[in-house]
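The values are calculated or read from the model by the stated rules, or taken from the named source; none is laboratory data. Quick caveat: nothing in here was measured; it's all calculated off a predicted structure. A quick note on method: Cβ atoms are made from the backbone with ideal geometry, for glycine too, and the neighbour counts reach across all protein chains shown.
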Amino acid sequence: MIVETFAVGSLACNCTIVGDERSGTAVVIDGGDGVDLVLERLRRHRLRATSLLHTHAHIDHIGDVGRLREATGARALLHPADVPLYQTLALQAAWVGLNESPPVVTLDGELAGGQHIREADIAIEVLHTPGHTPGSVCFSLSDGNCARLFTGDTLFAGSIGRWDLGGTSMEDIVHSIRTKLLPYDDATPVVPGHGPATTIGIERRTNPYLA
């Protein structure tokens, strides 16, 4: 299995390509910016994206999904609770100082907590973790006998995502982390939406928001 994470866009969102070498298919997590770089990495690994998964609907994580979908033919998926937020891309673009907003496109399906996404030998479970946004999700990638978590802007190394952007609370995001993420083993790798990777054990012991 190919798993490559790299920062895309002006806000350095962590995008991850998960590829199955046997079939040549791939899942892209949070490929909403830096489309040219995402396409270059797919070509480098000789992979074809079939699913575009998004942890939430902030512009740096999903803004350019229309262009990426057009280039790959992959299906774009988002939790329905974040669809209203996705509809505000123009406002979000103004917030981050962009002169133009990427277009809002009709997505191809919904993500739901407990859903299992399978592409060839790739197995991903969707964890609904409201708190940063109402429809925030994390992804648990099965990798042999262990898992790897992609937490978007829910859990960071030493911190958690903002909860004051509308429709959520600090109690929501901490509850989501405690009930959906902390049950994983301490050795479980965590790839957040921005910044360095960490592990569940490190965050359990040292994250001040989880004390």
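For segment 135-184, the candidate set comprises residues that are of a type in the set (A, V, I, L, M) and part of a strand (DSSP E or B); within that set, the residue that is nearest to residue 113 (Cα to Cα) is 137. Collect the residues in segment 157-197 that are closer than 19 Å to residue 3 by Cα and either in contact with a Pro (Cβ under 7 Å, 6 or more places away or on another chain) or of a type in the set (Lys, Arg) (or both), keeping them in residue-number order. Residue satisfying the conditions is 197 alone. Residues of segment 1-17 that are touching a helix residue (DSSP H, G or I) at 6+ places or on another chain (Cβ under 7 Å), of a type in the set (A, V, I, L, M) and in a strand (DSSP E or B): 8, 17.
Determine which member of the set 91, 107 is of a type in the set (A, V, I, L, M, F, W, C), exposed (fewer than 13 other Cβ atoms within 10 Å of the Cβ) and either over 15 Å from the mean Cα position of the chain (by Cα) or at pLDDT below 95 (or both). Result of the check over 91, 107: 91. Considering segment 127-165, the residues that are at pLDDT below 95 and over 18 Å from residue 179 (Cβ atoms) include one that is surrounded by the most Cβ atoms within 10 Å (Cβ to Cβ), namely 142.
For segment 65-75, name all the residues that are surrounded by fewer than 22 Cβ atoms within 10 Å (Cβ to Cβ) and either in contact (Cβ under 8 Å) with a residue 60 or more places away in the chain or farther than 18 Å from residue 112 by Cα (or both). Residues satisfying the conditions are 66, 67, 69, 70, 71, 73. How many residues does segment 58-104 contain that are over 13 Å from residue 33 (Cβ atoms) and of a type outside the set (Gly, Ala, Ser)? The qualifying residues number 21.
Selection of first residues in segment 130-159 that are closer than 18 Å to residue 80 by Cα and of second residues that are hydroxyl-bearing (Ser, Thr, Tyr) and not in a loop (DSSP other than H, G, I, E, B), restricted to Cβ pairs under 8 Å at least 6 apart or on distinct chains, gives the following pairs, ordered by first then second residue: 130/176; 131/176; 136/176; 138/151; 154/176. Just need a number here: residues in segment 18-77 that are assigned to a loop (DSSP other than H, G, I, E, B), under 16 Å from the mean Cα position of the chain (by Cα) and among the acidic types (Asp, Glu). Result for segment 18-77: 3. If you go through segment 50-58 one residue at a time, do you hit one that is touching a strand residue (DSSP E or B) at 6+ places or on another chain (Cβ under 7 Å), farther than 23 Å from residue 123 by Cβ and either touching a residue at least 24 places away in the same chain (Cβ under 8 Å) or buried (at least 20 other Cβ atoms within 10 Å of the Cβ) (or both)? Checked segment 50-58: at least one residue is touching a strand residue (DSSP E or B) at 6+ places or on another chain (Cβ under 7 Å), farther than 23 Å from residue 123 by Cβ and either touching a residue at least 24 places away in the same chain (Cβ under 8 Å) or buried (at least 20 other Cβ atoms within 10 Å of the Cβ) (or both). Here segment 101-127 is the region considered, the condition is being among the aliphatic types (A, V, I, L, M) and part of a loop (DSSP other than H, G, I, E, B), and the residue that is nearest to residue 91 (Cα to Cα) is 104.
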